[in-house]
Amino acid sequence: MKVKVELFGAARDFGDQNLLELDVEQQSTIKDIRNKIIQYIEEKFNGNENYKKIVNSSAFCSEKNNIVSDNYKITNNEKIGIIPPIGGG
């Protein structure tokens, strides 16, 4: 099934259109999406460690703008957002 991942903050560097479209299996979870993005980074950015840290420390949100946990089940054609932590000082 197809899932669209909206890219926010530092994650915008992962794609040209602030969006990644991923093919995942039915009953996939946010954890599966996280792993799929890591795999994408391995292939497209030669395993950029900073990008992988961003993915591993990011929160994800549903279409209804609710923060969801790693065991949240994705539905077909759902749009998910990845929200990296924001640094400040």
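The values are calculated or read from the model by the stated rules, or taken from the named source; none is laboratory data. The shown structure was predicted, so the numbers you read here are calculated from the model rather than taken from an experiment. Here the Cβ positions follow ideal geometry from the backbone for every residue, glycine too, while neighbour counts run over all protein chains shown. In case anyone asks, the SASA skips ligands and DNA or RNA and just uses the protein heavy atoms, side chains included. Shrake-Rupley method; radii C 1.70, N 1.55, O 1.52, S 1.80 Å.
Observations, loosely collected:
- For segment 57-73, the tally of residues that are open to solvent by 80 Å² or more (accessible area, probe 1.4 Å), closer than 16 Å to residue 22 by Cβ and part of a loop (DSSP other than H, G, I, E, B) stands at 1.
- Candidate set: segment 12-56, residues that are among the small types (Gly, Ala, Ser) and closer than 24 Å to residue 75 by Cβ; chosen: the one surrounded by the fewest Cβ atoms within 10 Å (Cβ to Cβ): 15
- Residues considered: 44, 53. Of these, the only one that is out of contact with any helix residue (DSSP H, G or I) (no Cβ under 7 Å at 6 or more places or on another chain) and closer than 21 Å to residue 2 by Cβ is 44.
- Residue within segment 74-82 that is open to solvent by 100 Å² or more (accessible area, probe 1.4 Å) and of a type outside the set (D, E, K, R) present: yes
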